[in-house]
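Shown next, in structure tokens, is the structure this report addresses.
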């Protein structure tokens, strides 16, 4: 069995707070912001003109979000947090130093 996100919802699985290299600087204290991996993304919501607005994140992205946001639920035996797309702060990208 699988599940499919609807609307502008994003499902995230919390990750450990470690990074291979570099420093992640956040505006608020680190204990209030969490890093997670996107596991499901809805198709987006419709704007006033009836056009579907796509979501910026995709499955597999590592993202930063507020630990007090979203709704934590269990789906298929996994603890996930569901957010609206606009509640995600940033997408983390690997830097490729040369």
*asked:* Any residue at all in the range 2-11 that's touching a strand residue (DSSP E or B) at 6+ places or on another chain (Cβ under 7 Å), at pLDDT 90 or above, closer than 14 Å to residue 67 by Cβ and outside any loop (DSSP other than H, G, I, E, B)?
replied: no
*Residues of the range 49-73 that turn out to be in a strand (DSSP E or B) and more than 23 Å from residue 33 (Cβ to Cβ), as a count*: 2
*Does the range 80-97 hold any residues that are in a strand (DSSP E or B) and more than 16 Å from residue 5 (Cα to Cα), and which are they?*
89, 90, 91, 92
_Filtered residues of the range 55-70 (kept if loosely packed, with under 13 Cβ neighbours inside 10 Å, over 13 Å from residue 5 (Cβ atoms) and modelled with pLDDT of 95 or more)_ = 60
_So, in the range 14-46, exactly how many residues are at pLDDT 95 or above and assigned to a loop (DSSP other than H, G, I, E, B)?_
3
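The values are calculated or read from the model by the stated rules, or taken from the named source; none is laboratory data. What you see is a predicted model, and the numbers here were worked out from it, not measured in a lab. Cβ coordinates were reconstructed from backbone atoms using ideal geometry, including for glycine residues, and neighbour counts include every protein chain displayed.
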